[in-house]
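Asks: Can you keep this structure in mind? I'll have questions shortly.
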Amino acid sequence: MKKLLALLFSVFFLSSPSVFADDISDFEIEGISIGDSLLDHMTEEEILKQIELNKDRYLHLKEPNKYVDVIFGQDFPTYESVVVMIQNNSINKYVTEKNEKYTILSIRGGNKYIEDFDGCIKERDKIMAVISEKFPNAQKKASVYNSASDPSKKSIVDKFSYILKSGSQVSGFCTNYDETFRIEKNWSDGLVISIDSSAIKNWLGGHK
């Protein structure tokens with residue numbers, strides 16, 4: 001129960017009376033919110049290094065380089081990994097104002113569940129059941145599908161989302177990668193709680 005509560009309190013910023021409104025900027029993961037400038041959390045040098053390292057992670061999408069992951073290196077209280085998404089500035093050079101240039105559009109907090117897919121699903125379902133009480137009018141979507149990032153189609157994603165009126169979404173999903181693919185990519189099976197702007201939600205759905 002303590003782990004569940006920690007996950008939930010890390011996801012939601014509870015001091016605001018409008019926290020459960022249809023505005024994902026009222027939510028946070030590890031103190032990071034949609035709409036923040038990434039410059040508030042790391043240096044521009046660190047950001048540019050991450051853009052270069054992660055620029056080819058979404059080659060399976062129609063516009064693979066439109067946005068890019070930035071991975072935090074430090075430890076967090078609740079999540080083993082935290083990843084945010086921003087515009088890929090190498091193809092968005094018309095954006096010159098730094099805060100706009102590095103605006104956070106998606107946040108994901110993850111914990112590993114290596115060879116424990118059932119345990120991941122159980123934890124995910126606990127969290128999403130509590131979140132569901134906060135979004136009684138949100139569109140609910142559940143799906144199980146092959147990970148588009150794995151050409152072998154042997155990797156599984158089990159996802160549950162609450163889609164808000166704005167088009168943004170709050171999701172929880174578990175991945176069960178094919179072992180060969182997971183080792184090749186140095187990725188981890190596990191639980192991810194994500195907060196996505198409508199722009200990121202639509203972009204991630206644009207598979208080739």
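Asks: Out of the residues in the range 31-47 that are in a loop (DSSP other than H, G, I, E, B) and within 17 Å of the chain's Cα centre (by Cα), which is surrounded by the most Cβ atoms within 10 Å (Cβ to Cβ)? If you could, list the steps in order and put the result at the bottom.
Replies: Applying the first criterion (in a loop (DSSP other than H, G, I, E, B)) to the range 31-47 yields 31, 34-36, 41-43.
Of the ones still in play, those that are also within 17 Å of the chain's Cα centre (by Cα) are 31, 34-36, 41.
Numbers: G31: 13, I34: 23, G35: 12, D36: 18, H41: 19.
Taking the candidates together, the pick is I34.
Asks: Quick check on my filter: what residues within the range 115-133 are of a type outside the set (D, E) and more than 16 Å from K159 (Cβ to Cβ)?
Replies: Of the residues in the range 115-133, the ones of a type outside the set (D, E) are 117, 119-122, 124, 126-132.
Listed by number, the residues that qualify are G119, V130.
Asks: Among the numbered conditions (1) part of a strand (DSSP E or B); (2) basic (K, R); (3) surrounded by 13 or more Cβ atoms within 10 Å (Cβ to Cβ), tell me where K141 comes up short.
Replies: The single condition K141 does not satisfy is (3).
Asks: Checking the conditions here, which among E179, E115 is free of Cβ contacts under 8 Å to residues at least 24 places away in the same chain and surrounded by fewer than 19 Cβ atoms within 10 Å (Cβ to Cβ)? Before you say what the answer is, go through the steps one by one.
Replies: Numbers: E115 fails: free of Cβ contacts under 8 Å to residues at least 24 places away in the same chain.
Within the list E179, E115, the selection yields E179.
Asks: Let me ask something additional. Can you tell me which of (1) over 23 Å from G31 (Cβ atoms); (2) modelled with pLDDT of 90 or more; (3) more than 14 Å from the chain's Cα centre (by Cα) is the one I183 doesn't meet?
Replies: So I183 meets the others, but not (2).
Asks: Could you list, in sequence order, the residues of the range 121-151 that are among the hydrophobic types (A, V, I, L, M, F, W, C) and out of contact with any Cys (no Cβ under 7 Å at 6 or more places or on another chain)?
Replies: If we filter the range 121-151 for residues that are among the hydrophobic types (A, V, I, L, M, F, W, C), which is where we start, we get 121, 127-131, 135, 138, 142, 144, 148.
The answer is I127, M128, A129, V130, I131, F135, A138, A142, V144, A148.
Asks: Right, another one. Would you point out which residue out of D69, D75 is modelled with pLDDT of 90 or more and among the charged types (D, E, K, R)?
Replies: Values: D75 fails: modelled with pLDDT of 90 or more.
Exactly one of D69, D75 is modelled with pLDDT of 90 or more and among the charged types (D, E, K, R), namely D69.
Asks: As an exercise: evaluate H207 against (1) on the phi < 0 side of the Ramachandran plot; (2) surrounded by 20 or more Cβ atoms within 10 Å (Cβ to Cβ) and give the number of the one condition it does not meet.
Replies: Of (1) on the phi < 0 side of the Ramachandran plot; (2) surrounded by 20 or more Cβ atoms within 10 Å (Cβ to Cβ), only one is false for H207: (2).
Asks: All but one of (1) in a strand (DSSP E or B); (2) among the charged types (D, E, K, R); (3) touching a helix residue (DSSP H, G or I) at 6+ places or on another chain (Cβ under 8 Å) hold for E123, so report the exception by its number.
Replies: E123 satisfies every listed condition except (1).
Asks: Which condition number does G73 fail, the rest of (1) out of contact with any Asp or Glu (no Cβ under 7 Å at 6 or more places or on another chain); (2) within 21 Å of N186 (Cα to Cα); (3) surrounded by 13 or more Cβ atoms within 10 Å (Cβ to Cβ) being met?
Replies: With (1) out of contact with any Asp or Glu (no Cβ under 7 Å at 6 or more places or on another chain); (2) within 21 Å of N186 (Cα to Cα); (3) surrounded by 13 or more Cβ atoms within 10 Å (Cβ to Cβ) applied to G73, the lone miss is (3).
Asks: Would you check if V82 is out of contact with any helix residue (DSSP H, G or I) (no Cβ under 9 Å at 6 or more places or on another chain), under 23 Å from Q169 (Cα atoms) and at pLDDT 90 or above? Outline the logic, then answer.
Replies: Numbers: out of contact with any helix residue (DSSP H, G or I) (no Cβ under 9 Å at 6 or more places or on another chain): yes; under 23 Å from Q169 (Cα atoms): yes; at pLDDT 90 or above: yes.
Spelling it out, V82 is indeed out of contact with any helix residue (DSSP H, G or I) (no Cβ under 9 Å at 6 or more places or on another chain), under 23 Å from Q169 (Cα atoms) and at pLDDT 90 or above.
Asks: How many residues are touching a residue at least 24 places away in the same chain (Cβ under 8 Å) and closer than 17 Å to R108 by Cα when one looks only at the range 153-175?
Replies: Counting residues in the range 153-175 that are touching a residue at least 24 places away in the same chain (Cβ under 8 Å) and closer than 17 Å to R108 by Cα gives 12.
The values are calculated or read from the model by the stated rules, or taken from the named source; none is laboratory data. Nothing here was measured: the structure is a model prediction, and the numbers come from that model. Methodologically, a virtual Cβ is constructed for each residue, glycine included, from the backbone with ideal geometry; neighbour enumeration extends over all protein chains shown.
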